[in-house]
Each structure stands twice: as C-alpha cells, then as structure tokens.
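Here the structure comes first, spelled out in structure tokens, and everything after it is commentary.
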Amino acid sequence: MRNRVSDEEWKIRVDLAAAYRLVALYGWDDMIFTHISARLPGDEGHFLINPYGLMFEEMTASSLVKVDMNGDVVGENAYPVNPAGFTIHSAVHEVRHDAACVMHLHTAAGTAVATQEDGLLPLNQTALVIREQIAYHEYEGIALNHDERPRLQQDLGPDKKLMLLWNHGTLALGETIADTFLAMYFLERACEMQVASLAGNRKLHYPTDAVKNLTAQQGAHGLTGVSGLAWPALLRKLDRKMPGYAE
C-alpha cells in the first residue's frame, strides 16, 4: 500500500489510523461501530473511512478504505463500509470543504448529554470553551436514508465544528485530523463533566453571562493552536501504548 499512494495520502492515512487507535485508547469506541473519515487531496471527492469489521484498536494506515461521494469503494478492499457511516460523513464532506476530518462517536457520556433536553450546559470551563460551536440534529433513526443528509447539513450550518446528534451521539470536524480529535476530546470531556455534575445531586453553580461570553470568545480559535502541540504528544503516547498504526 505504501508504494501505491502519494506521500500526502500516506500521511493522512497514518494520522487517521492513529485517530482510530486513540479513540480506542480513550475508551470512546463502540466495538466495530462509529466512524472517522478524512478527505483526500484533489477534486475527486474521495475520502478515507474505516473498513466495517475491524476494531478501532486494529486500524492501520493500509487497512483504511477509500470511497467516493457515491459510497463506492475506490480500489480493492476485503471489507465493506458501514452504510450509516457513509451517510453521515458524506453529508458533511459534501458541503463543508473546510472539514478535512469528521469524527462520530456513541460514548455513554456523549449520548447521555445528547439525550438531555438542554443539551450541553454551561457548567464548567471545558463546556464554555466549545458550547457556542455546537449544532444539534434531530434523531431520524439509523442513518441509512440519504434523504437525511440535507437536514443534517442545514443543522450543521457553514461554521459549526461540533454537533450533538439527539438521542444518538457526538460529532466533530476540523481542518486537520489533529484539530478534529482535540475538538472531540473537549466535547467528550465536557459531557463527562456534565454527567458527573448532575449525578452529584447538589445545587449547581453557574458562571455569569459575562464570563460565559468571555470564555466562548477565548475558545473560538484556541483549539486549533493547541492541537499542534497536543497531537505529537498523543502520537508519542500511542507509540508507547498501541504501536503499529503506521503499517
């Protein structure tokens, strides 16, 4: 595989395989379900996604599947693509050309918050940093119907980087794989904090509106800058804990 793709595509494959393994390492995976995609360079509309049947901890650069915007596999691969994964990811890649990567998860905390009527609450710094970047999309059943794509696109809008899929899970996108992973980290972390705070069964303290607005402004462009520092550290962690993704 390494000799059959460009250096640019191989770098994307390595980073995407690393993102899959990091999701497994952080305990965010859902067996063989959920998905992360990465747009490939060029005008063909191709992107990479997981082979349906591999665990996230098994993902390698060579095993990722290349598909086009019709869901057709480009080249040869022994595994199919999750049809629900294609629906969600193709919807985003079709209209958000700033999205080099799209990540969708079904974690317990993320889905719990996506089931609470008020969504993500302004309870802590992590939530305040990202809360204004979150869109919401109504649940329409397992995402097998391509007719859902326009509604998901409309709900996501032209600039939101995060989404809570009601009764379903979380979604993040970014200009790089590193940006996307860090955005999802903040969203998942905020959801975990919210679930823990609500479970305490005590009166909650909310920050003032002025502080909410200030923290939202501080977080508007901060994650992209931090991801360049965090990603190499995450790869070093992965090399220690779960090597082999770059094969």
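General remarks:
- Any hit, segment 24-34, residues being in contact with a Phe, Trp or Tyr (Cβ under 8 Å, 6 or more places away or on another chain), aliphatic (A, V, I, L, M) and crowded, with 19+ Cβ neighbours inside 10 Å: no
- Matching residues, segment 186-213, being under 26 Å from Ala99 (Cα atoms) and without any contact (Cβ under 8 Å) to a residue 12 or more places away in the chain: Asn213
Residue-wise test of (1) under 19 Å from Val95 (Cβ atoms); (2) out of contact with any strand residue (DSSP E or B) (no Cβ under 7 Å at 6 or more places or on another chain).
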position: Ala112; (1), (2): no, yes
position: Asn124; (1), (2): no, yes
position: Ala127; (1), (2): no, yes
position: Glu138; (1), (2): yes, yes
position: Leu156; (1), (2): yes, no
position: Leu165; (1), (2): yes, no
position: Leu171; (1), (2): yes, no
position: Glu175; (1), (2): yes, yes
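- Test for Thr126: is it surrounded by 15 or more Cβ atoms within 10 Å (Cβ to Cβ), closer than 20 Å to Ala190 by Cα and in contact with a Lys or Arg (Cβ under 9 Å, 6 or more places away or on another chain): yes
For every residue, the table says whether it meets (1) open to solvent by less than 50 Å² (accessible area, probe 1.4 Å); (2) of a type in the set (A, V, I, L, M, F, W, C); (3) farther than 16 Å from Glu132 by Cβ.
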position	(1), (2), (3)
Gly157	yes, no, no
Ala172	yes, yes, no
Glu175	no, no, yes
Ala199	no, yes, yes
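- Selection within segment 94-106 - under 19 Å from Ile142 (Cα atoms) and surrounded by fewer than 22 Cβ atoms within 10 Å (Cβ to Cβ): His106
- Pairs linking a residue in segment 126-142 that is more than 11 Å from Leu164 (Cα to Cα) to a residue that is among the polar types (S, T, N, Q) and in a strand (DSSP E or B), with Cβ atoms under 8 Å and 6 or more positions apart or on different chains, do not occur.
- Answer residue from segment 153-170, given it is farther than 23 Å from Trp28 by Cα and within 16 Å of the chain's Cα centre (by Cα) and is modelled with the lowest pLDDT among those: Asp159
- Close pairs from segment 156-182: first touching a residue at least 40 places away in the same chain (Cβ under 8 Å) and on the phi < 0 side of the Ramachandran plot, partner part of a strand (DSSP E or B) and aromatic (Phe, Trp, Tyr), Cβ under 7 Å, at least 6 apart: Leu164/Tyr136; Trp166/Tyr136
- When restricted to residues that are under 17 Å from the mean Cα position of the chain (by Cα) and in contact (Cβ under 8 Å) with a residue 40 or more places away in the chain, segment 33-64 contains 12.
The values are calculated or read from the model by the stated rules, or taken from the named source; none is laboratory data. Please read all numbers here as calculations on a predicted model, not as lab measurements. Note that we place each Cβ from the backbone using ideal geometry, even for glycine, and neighbour counts take in every protein chain shown. Ligands, DNA and RNA are excluded from the accessible area calculation, which covers all protein heavy atoms including side chains. Shrake-Rupley method; radii C 1.70, N 1.55, O 1.52, S 1.80 Å.
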